[in-house]
1. Do we find a residue being surrounded by fewer than 18 Cβ atoms within 10 Å (Cβ to Cβ), within 14 Å of chain A (Cβ to nearest Cβ) and under 20 Å from B:C227 (Cβ atoms) anywhere in segment B:255-265?
2. Against the condition within 9 Å of the ligand (Cβ to nearest atom) and either at pLDDT below 95 or hydrophobic (A, V, I, L, M, F, W, C) (or both), how does B:V167 come out, does it pass?
3. Take segment B:343-369 and flag every residue that is in contact with a helix residue (DSSP H, G or I) (Cβ under 7 Å, 6 or more places away or on another chain) and within 14 Å of chain A (Cβ to nearest Cβ).
4. Testing B:G132 on (1) within 28 Å of B:Q26 (Cβ to Cβ); (2) small (G, A, S); (3) away from the ligand (no atom under 13 Å from the Cβ), one condition comes back false. Which one is that?
5. Take the residues in segment B:301-342 that are in contact with a helix residue (DSSP H, G or I) (Cβ under 6 Å, 6 or more places away or on another chain), buried (at least 16 other Cβ atoms within 10 Å of the Cβ) and of a type in the set (G, A, S); name whichever of them is nearest to B:V377 (Cα to Cα).
6. Mind telling me which of the residues B:E33, B:E60 ends up being within 30 Å of the chain's Cα centre (by Cα) and either without any contact (Cβ under 8 Å) to a residue 24 or more places away in the chain or surrounded by 22 or more Cβ atoms within 10 Å (Cβ to Cβ) (or both)?
7. Please count how many residues of segment A:188-212 are assigned to a helix (DSSP H, G or I) and without any contact (Cβ under 8 Å) to a residue 60 or more places away in the chain.
8. So which residues in segment B:221-242 are at the interface with chain A (Cβ under 9 Å from one of its Cβ atoms) and either within 16 Å of the ligand (Cβ to nearest atom) or crowded, with 21+ Cβ neighbours inside 10 Å (or both)?
Amino acid sequence: MSSNARNTVTVKNVRDIVDAVQSAGTDATSLTAARRVTGNVHQLDLSSMNAVVEYPARDMTITVEAGMTLKTLTCLLRSEGQQLPVDVADPEMTVGAFVASDPAGPRQYGYGTLRDYLIGIEAVDGLGRVFHAGGRVVKNVAGYDLCRLMVGSRGSLGILSQLTFKLKPVPEQFVIQQWQFAAELDVAASLDSLNKSAARPVVIDLDSPNGSTWSLNVGVEGPPNVCEWQIGQLACDMSNPTSTEVCAPDTTAAITYCGSGARRHLEAETVAVINSLPSQVPHVCRIVNEQGLSATCHAGNGVIAVQSNDSKPLPDHAVDQIESLLKDYGGHLRITKSDAVSRRRAGVFSAGLVAALDPHQVFV
Amino acid sequence: MTISAPSGIISDDLLCELAQHVGTDQLLSSQDELLVYECDGYVVEKNVPDVVVFPQSAAEIQAVVKSCVRHGVPFVPRGAGTSLAGGCLPVGGGVMISLTRMKQILEINTRDRYAVVQPGLVNLHLTRALAGTGFHYAPDPSSQGACTIGGNVATNSGGPHTLKYGVTVNHVTGVEFVSPTGELVQIGGPCGCGDDLDLPGLFVGSEGTFGIVTKIWVKLTRNPESCRTMLAVFDSTDDTSQAISSIIGAGIVPAALEMMDQGIITALEEAFAFGFPLDAAAVLLIEVDGLDVALDQEAETIITLCKQSGAREVRLSQTEEERALLWKCRKQAFGAIGRLAPSYCTQDGVVPRTKLPQILKFIADVGERCNIRIVNVFHAGDGNLHPILLFDERDREQVRRVMDASDEILEMCIELGGSVTGEHGIGVEKISFMNRLFSEQDLDVMGDVRRVFNPDGICSPGKLLPTAGACGMEHIQREHPGRRAAM
Ligand SMILES: Cc1cc2nc3c(=O)[nH]c(=O)nc-3n(C[C@H](O)[C@H](O)[C@H](O)COP(=O)(O)OP(=O)(O)OC[C@H]3O[C@@H](n4cnc5c(N)ncnc54)[C@H](O)[C@@H]3O)c2cc1C
């Protein structure tokens, strides 16, 4: 373990993480493995912990250290025709940070999110306890499922040091087709049809920049003949499109599209993220567009990123309007840019879990 | 129902309170009626609860729990009682909360692909209610005709089709529960958890130790357009394991990949006269589903891989009736075992899929060494074994040998990098394996997590963690030293 003047602590193994956590506890300083750090916080650099612990490719699982970058992981898996089918917003991000932040991109419609792939963890909690959960087999119900708890926990419960994922095969082909529309009613009708399409899309994204034009990007996978058949079926699902074009003609382009779709949530222009019911997406988009803001949506999942070119926040009355709509069916609105510091809306059990695993508030 | 004088740890006051909360006709307290609830599908450990209540609403459950807390009496939830790990055992006695009267489907929304159900709803009843909508509820435990969705949530149940579609946790977006202190809490919902921690993900599989589930939001899955179902026949179990490995290794994810060995085939043939080859060492039941346009190619690849691995023959189901019969055989395999021996014990170990040849050989050796007949029917695609140890429970010596053999098998699963339970849970049955799977610190952290939900340990004591809520555990340790097997 070494540290430099900028309060960066470089760790090489889990023991180093334990030492760093324990000294932070003693010194009453805060610690994070996140890349962006503000204030008087010690930053853990896990980039040296980047080894493959085990990759039994025929079992379709992999165990890696948390400091491995997503770029390295993706290359490794590609060499075996396998993938972790969760869209990568930033290839330089570490696997640990990926799990802690749980960004979800366009393919969550077909593949789910990281919670569906993380099957084992090693982590260090705020007391410096090294703990494990899950294992290295694809099916396992022994003990509490702390893996899922860590997904999206943003470092509040512990520092991840090792992760095991189950994997999927890379499909033969992955393509994305785009349809444009000029009326909200047609978008809504097309989304309704897609829900019961004869095709089985893995991506259903909607761009609603201004309330007068919409584009629907739909991705399908499989052998070329199966993709072609599905695109034909999707065309039948669309209600009065004004035009259609290929958005991503091959797997590389489609994966790039998905990466930028996932990145959108992290961009400075994204002022809020909404979790709605899929059927309500056109309605929520209209409210957003009426404020002069644009909405880019993983429409199949009801996830909407609200974007503003000039970083203008969502006005309070729009927040109220959206929140009252979401309240009716249990949706969520998260403001990502506001004067107030963005705080997690945690219930009593979440707060209890954070207090149990990080009683001295070592983690920021 | 009759209310008898309270026994054990239940005072007159508590009994009166419970009767007031649920009504006298929704409460059992006489010994003969309670006997039914002394165990679940795991019949080795038995303990009669002092009272069983049948609440019909979350509010009634809250009232029951609050009374139990006030009187310091433990309580345990129970669904259909099909647990194979003793999850429903009332360790230390107390109040059993049966959820079977809360079995309504509260909402079905196919446009947004979710349903809201009460915990006592039988798994299969949801899929039946969805017939004709083009959607189904994917987790399909073999016990789905009896087990409840609340029980599935508590144990994170799997099933034959979870290879492709995932287990219960992959299909639950929200849970409402009565906490062990009596509060009604909702975590997640139809739109997930938003900005909060993934509490539903943690709750699923907590085996009744975090509270009583009162409402569940589940995802609905599109029905596949079509499927192809194959039966591959092998002369050796090694070849069968090789075929499993080849299929998975080739990047094919079948909807189901189930293995049945000769012992099971014989029993099934007697029961269903399907036409299984009685001289085969094992058969694989393989199903691929999805778009019809893709399936012939996938089926062809699988047939080729099976033949390359040494399959004697691969039959493709030609009719829906033939497919249905094959699945009936698989799902009722446990029922057919009654033909082989008076008692049986099912284990639930998991190994990495490539280790199947090793573990199957090991199981055969253990059977020989312990002089116990063992047959296998299991979720091969997940590496989730169900060795079934056949015996006569009247013979104590046989019982001991079954326990020894089970221990050896599960220990080997751990040694091969696997786990002692893929879907049945730890319950009381496998508690003594927890400190072999996990370190003391792992268990400490899990204990802390449990205390956040269940601070006094009176909700489902004696389950899942070796150090959990002490009441009653001493009794189990004394009567059954070491691990106990599900029989
Ligand atoms: C023949 C047979 C085949 C089986 N096949 C499979 C299979 O393929 N896959 C599989 O996963 N399992 C299988 N099982 C095991 C069993 O069916 C599952 O574990 C099932 O989920 C239990 O459901 P249940 O309603 O019977 O729950 P119970 O047995 O009543 O309870 C199980 C656990 O859940 C808790 N619980 C029940 N309801 C609630 C609630 N409302 N709130 C909180 N906790 C609750 C109980 O306290 C207990 O810990 C099989 C069992 C049998 C007998």
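The values are calculated or read from the model by the stated rules, or taken from the named source; none is laboratory data. From a predicted model like this one, the values you see are computed outputs, not experimental measurements. Every residue, glycine among them, receives a Cβ derived from its backbone with ideal geometry; neighbour counts consider all protein chains shown.
1. No, segment B:255-265 contains no residue that is surrounded by fewer than 18 Cβ atoms within 10 Å (Cβ to Cβ), within 14 Å of chain A (Cβ to nearest Cβ) and under 20 Å from B:C227 (Cβ atoms).
2. Numbers: within 9 Å of the ligand (Cβ to nearest atom): yes; either at pLDDT below 95 or hydrophobic (A, V, I, L, M, F, W, C) (or both): yes.
Spelling it out, B:V167 is indeed within 9 Å of the ligand (Cβ to nearest atom) and either at pLDDT below 95 or hydrophobic (A, V, I, L, M, F, W, C) (or both).
3. Matches in segment B:343-369: B:Q347, B:G349, B:V350, B:V351, B:P352, B:R353, B:T354, B:L356, B:P357, B:I359.
4. Only one criterion is unmet by B:G132, namely (1).
5. Here the answer is B:A333.
6. Sole residue among the options that is within 30 Å of the chain's Cα centre (by Cα) and either without any contact (Cβ under 8 Å) to a residue 24 or more places away in the chain or surrounded by 22 or more Cβ atoms within 10 Å (Cβ to Cβ) (or both): B:E60.
7. Going residue by residue through segment A:188-212, those that are assigned to a helix (DSSP H, G or I) are A:188-195.
Cutting the leftovers down to without any contact (Cβ under 8 Å) to a residue 60 or more places away in the chain gives us A:189-190, A:193.
Count: 3.
8. Of all residues in segment B:221-242, those at the interface with chain A (Cβ under 9 Å from one of its Cβ atoms) come to B:222, B:224-225.
Matches in segment B:221-242: none.
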